[in-house]
Amino acid sequence: MNPNLAPTSEDFRTAMRGFAGHVSLITVGTGQEATGLIVTSATSLSAEPPLILVCINRFSSSWPVLQSTGRFGWSALGAADQPIAERFSGRTGVQGAARYAGADWVEVEGSRLLLGAPVAFACEVEDMIDKGTHSIVIGRIMALIQSQGAGILAYHDGAYVQLDAAQ
């Protein structure tokens with residue numbers, strides 16, 4: 001095996017598909033401004049105070065809305081949530097507020113959270129750090145909801161993988 005000493009952006013994206021990641025939904029905005037995106041780059045940052053970290057492409061339609069509102073929802077997706085992931089990832093061609101159709105939502109602290117998600121957080125932006133094409137967003141947890149037995153939706157090698165809670 002020879003190392004790729006000059007990887008391109010495409011080489012990097014292909015290599016990153018080798019990592020399995022939990023599929024999360026970041027929701028921003030309200031009304032007709034509502035939008036969101038799918039990420040596998042959301043994780044905990046600190047328990048004291050409760051902070052999370054998510055990386056968001058600054059060229060996404062969600063980034064300017066997040067930047068202007070300073071609030072977002074982070075819903076971990078469950079095993080049955082693949083249709084939601086497909087809508088918010090752009091695979092179905094649905095855009096903006098129409099992506100929210102067909103699922104149950106609750107608004108908490110100015111953030112829209114998916115009901116039935118294994119866990120969902122209402123967050124306030126504490127900091128945004130621009131690096132390359134993305135912003136590293138640090139969010140302060142304002143509220144959370146949890147649902148037991150939802151399993152998880154993962155992403156690996158370009159495909160969604162459903163993991164039931166019973167597995």
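The values are calculated or read from the model by the stated rules, or taken from the named source; none is laboratory data. The structure presented is a predicted model; accordingly, all values stated were derived computationally and were not measured. All Cβ positions, glycine included, derive from the backbone under ideal geometry; neighbour counts span all protein chains shown. Heads up: the accessible areas ignore ligands, DNA and RNA and are worked out on the full protein's heavy atoms, side chains in. Shrake-Rupley method; radii C 1.70, N 1.55, O 1.52, S 1.80 Å.
If R0 is 30 Å, what FRET efficiency do you get for residue 159 and residue 48 from their C-beta distance, rounded to 0.05?
Efficiency, rounded to the nearest 0.05: 0.20.
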- Counted charge near residue 123, where neighbours are those whose Cβ lies closer than 11 Å (Asp, Glu -1; Lys, Arg +1): -1
- Message: Two decimals, Cα atoms only, Kirkwood Rh: what is Rg/Rh over region 6-106?
- Response: 0.98
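Can you tell me the length gained on complete extension of the stretch residue 130 to residue 108, counting 0.36 nm per residue apart and subtracting the Cα distance?
Numbers: separation 22, 0.36 × 22 = 7.92 nm, distance 2.72 nm.
Residue separation times 0.36 nm, minus the Cα-Cα distance, leaves 5.2 nm.
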- Message: Keeping every protein chain present and rolling a 1.4 Å probe, give me the accessible area per residue for region 29-111 in Å².
- Response: 48 Å²
- Local net charge near residue 142, Cβ-Cβ under 9 Å (Lys/Arg +1, Asp/Glu -1): 0
- What does the charge count near residue 111 come to, summing +1 for each Lys or Arg and -1 for each Asp or Glu among other residues with Cβ under 13 Å from its Cβ? 0
- Once a ≥ b ≥ c are taken as the square roots of the eigenvalues of the Cα gyration tensor of region 25-167, is the result rounded (a/c under 1.5), prolate (a/b larger than b/c) or oblate (a/b not larger than b/c)? rounded
- Using only alpha carbon pairs under 8 Å that are at least six residues apart, calculate the relative contact order of region 37-82 and give it in whole percent. 23 percent
- If the label point sits 7 Å along Cα→Cβ of residue 61, residues of region 10-49 with amide N under 15 Å come out as 26-38
- Task: With label points built 7 Å along Cα→Cβ from the Cα atoms of residue 33 and residue 11, find their separation and express it in nm.
- Result: 4.2 nm
- Rounded to the nearest 0.05, what FRET efficiency do residue 69 and residue 22 have when you use their Cβ-Cβ distance and R0 = 22 Å? 0.35
- Query: Across 5 Å bins from the origin, how do the percents of Cα pairs in region 65-112 run, short distances first?
  - Reply: 4, 18, 25, 28, 18, 6, 0
- Message: Quick check: residue separation of residue 4 and residue 94 times 0.36 nm, minus the Cα distance between them. What number comes out in nm?
- Response: 28.7 nm
